[in-house]
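The next block holds one structure in the form of structure tokens; read it before the comments.
The values are calculated or read from the model by the stated rules, or taken from the named source; none is laboratory data. This structure is a prediction, so every number in the text was calculated from the model and none was measured. Cβ coordinates were reconstructed from backbone atoms using ideal geometry, including for glycine residues, and neighbour counts include every protein chain displayed. Accessible surface areas use protein heavy atoms only, side chains included; no ligands, DNA or RNA. Shrake-Rupley method; radii C 1.70, N 1.55, O 1.52, S 1.80 Å.
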Amino acid sequence: MPANLAVYIHWPWCKSKCPYCDFFKKVEKNVDQQAVVQTYLEALKNYHQLLPERKIGSVFFGGGTPSLIEPKYVALILETIGNLWGYAEKPEISLEANPNTEYPDMFSALHNAGINRLSLGVQALNDPDLRALGRTHNLKQAMHAIENVLKNFDNHSMDLIYARPNQTPEAWAQELEQAVQLGFKHLSLYQLTIEENTPFAKRKLPLPDDETAALMYQATNTLTESFGYPFYEVSNYAPTAYESAHNKVYWQGGDYIGIGQSAHGRLKHLGRFYALQYGFKAEELSAFERAEELVITGLRLRQGLDKKRFHDITGLKLEEVLDLNRLNSLKNEGFLEETDTALRATSKGFLVLNYLTKELVRSNL
């Protein structure tokens, strides 16, 4: 039986664009949601004609700010997916929300529409840092949203950003202790990075230096582990039962389709590999290209790159893809460790993960 398929629904619209964000987003007040959703339904039908025998293991509404979608359209999208393919047992149906997109009963309405996992983009737990990050909600709004998320969902996640301007390791540790005590099942904790062509890139921000940021990352892993949130991916923390099933499809090389402008996907179909793009477009990838992608995503995981899964997907052995001289050097330097079943980064390696993947893959993707 074919493996389950994951569906990513991209809603690019936001109330405003954060100054650190480099994702494709739009800021418009009056979006014709009915017309947009109709294009999504047509795209889903097109993919179903190509892949009629799959079941859907997970759906993720990302963005942008998908909590701006009216719940009736969320329900319509999920109903259409179910009618076309059918859902696997206990599918994970996630949606990202911002604290200030709330209207009366928003979270209960989203739950009733079929969302069973809510990811809340809080980003900071104090007003000065929320303003510095360009967020349009304040702490009071965040805490109100947190209360309603915890009340309406059994599975939930919160996003925070650290290594913020003028932030100290002590302040971050205190904030993180506050965060773990809120009761979320999952935490996504991202180090602030300054991307090109963003407003933040044009400013001289007083960010922690690299050494301080590294200490903050190490302290994050230690503290979350002590509170029962072990890291399972470089920026994600949860007990095993609450790891994000959808995101693990990306990291472990599963098949997923992307719906909406700028959304993308990856698919293995009839023994060939495809990079899927908006507009029902596909670019064929070689097995070697797909294998290199899996090295990059797989090393993000604490458990590392599973050699058997890698071979089952690509038909290649790991040693056929990697620069073996660099691999041996990186192992000797303490950045990587290898067993008969997996290749994984060490705690030292996770601090320089981008460097490792650039060194390992031969074409330097």
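In loop segments of region 61-97 as defined by DSSP, there are no GluC sites (Glu not before Pro) with at most 11 further C-beta atoms inside 10 Å of their C-beta.
For the modelled label position 7 Å from the Cα of LYS29 along Cα-to-Cβ, which residues of region 127-145 have backbone nitrogen atoms closer than 20 Å? Inside the label zone: 136-137.
Within straight-line reach of LYS185, meaning a Cα separation under 18 Å, sit the following lysines at least 8 residues removed in sequence or on another chain: LYS90, LYS151, LYS248. If one computes the Cα centroid of region 138-161 and of region 280-310, what distance in Å separates the two points? Here the answer is 33 Å between Cα centres. For GLN123, the residues whose modelled amide H falls within less than 5 Å of its own, excluding neighbours fewer than 5 places apart on the same chain, are ASP159, LEU160, ILE161. Here the accessible area is traced with a 1.4 Å probe on the protein chains. For region 227-365, carbon and sulfur cover 49 percent of it. Here's the picture: charge each Lys and Arg Cβ at +1 and each Asp and Glu Cβ at -1 in the chain, and of THR222, THR240, SER94 the one pushed furthest to the positive end of that dipole is SER94. Simple point charges give the picture: +1 on the Cβ of Lys and Arg, -1 on the Cβ of Asp and Glu, and for region 4-119 a dipole about the Cα centre of about 160 debye.
What is the chain by shape, rounded, prolate or oblate, if you read a ≥ b ≥ c off the alpha carbon gyration tensor as root eigenvalues and call it rounded for a/c under 1.5, prolate for a/b larger than b/c, and oblate otherwise? The shape class here is oblate. The dipole here belongs to the chain: it is taken about the Cα centre, uses +1 on the Cβ of Lys and Arg and -1 on the Cβ of Asp and Glu, and is about 540 debye.
In sequence order, region 332-338 has phi-based couplings of 5, 7, x, 8, 9, 9, 10 Hz under the Karplus curve 6.51 cos²θ - 1.76 cosθ + 1.60, θ = phi - 60°, and Gly or Pro positions carry x.
With θ taken as phi - 60° and the Karplus curve 6.51 cos²θ - 1.76 cosθ + 1.60 applied, the whole-hertz 3J(HN,Hα) list for region 316-324 is 10, 8, 4, 5, 7, 10, 8, 6, 5 Hz, x standing for glycine and proline. Put simply, when 206-212, 254-260, 2-8 are sorted by average Cβ atoms within 10 angstrom per residue, most first, you get 254-260, 2-8, 206-212.
Each label was represented as a point 7 Å from its Cα along the Cα-to-Cβ direction; for TYR278 and ASN328 these points are 4.7 nm apart. Return the distance in nm (one decimal) between the two label points of a simple spin-label model at SER286 and SER108, each offset 7 Å from Cα along Cα→Cβ. Rounded to a tenth, the inter-label distance reads 5.8 nm.
Here region 42-146 exposes an accessible surface that is 49 percent carbon and sulfur, computed with a 1.4 Å probe and the other protein chains kept in place. In this simple spin-label model, placing a label point 7 Å from the Cα along the Cα-to-Cβ direction at both LYS140 and GLU211 gives a separation of 4.3 nm. Normalised per residue, the accessible area of the chain is 48 Å², obtained with a 1.4 Å probe and no contribution from ligands, DNA or RNA. Taking one quarter of the surface of the C-alpha convex hull of region 33-173 gives a mean projected area of 9.8 nm².
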